[in-house]
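Scroll down for the structure; my scribbles are underneath it.
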Amino acid sequence: PLKLFEYMAMKKTVVCTKDLLECYGYDGVFISNNNEEFITNLDEAIKNSNNEEIQAKLYSYAQNNTWEKRVNSMLETLNIQ
């Protein structure tokens, strides 16, 4: 699942299986419930791969999920900062 944010940082659309709950709720990330849907989602991801609005959202998601931001969030939760 952490590869998800690496793909987003590269502004790449992503196709996932339904089991990867961490992938839900993002524009530009297509969730597949079965083999047929996976193939359909691959086509959709390719069609949307040059959509600048989706690319901007993907990049923004990645920037909000960097290791630095994650560590800072944990430190805040633990009241260490």
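The values are calculated or read from the model by the stated rules, or taken from the named source; none is laboratory data. Just so it is clear, the model here is predicted, and its values are computed rather than measured. Neighbour counts run over all protein chains shown; Cβ positions are idealised from the backbone, glycine included. Accessible surface is based on the protein model in full, side chains and every heavy atom, while ligands, DNA and RNA are left aside. Shrake-Rupley method; radii C 1.70, N 1.55, O 1.52, S 1.80 Å.
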Seminar exercise, completed: Of the residues in segment 3-33, those that are part of a loop (DSSP other than H, G, I, E, B) and under 20 Å from Ser49 (Cα atoms) come to Met10, Lys11, Lys12, Thr13, Tyr24, Gly25, Tyr26, Asp27, Gly28
Exercise. Taking only pairs six or more apart or across chains, which ones have beta-carbon atoms under 6 Å, a first residue in segment 15-34 that is of a type in the set (D, E, K, R), and a second residue that is open to solvent by 50 Å² or more (accessible area, probe 1.4 Å) and modelled with pLDDT of 95 or more?
Worked result: Lys18/Asn33; Asp27/Lys57
Exercise. Which is open to solvent by less than 80 Å² (accessible area, probe 1.4 Å) and at pLDDT 95 or above, of Asn41, Asn65, Asn72?
Worked result: Asn41
Problem set entry | Meets criteria (of a type in the set (A, V, I, L, M) and either in contact with a strand residue (DSSP E or B) (Cβ under 7 Å, 6 or more places away or on another chain) or exposed (fewer than 11 other Cβ atoms within 10 Å of the Cβ) (or both)) for Leu78 | yes
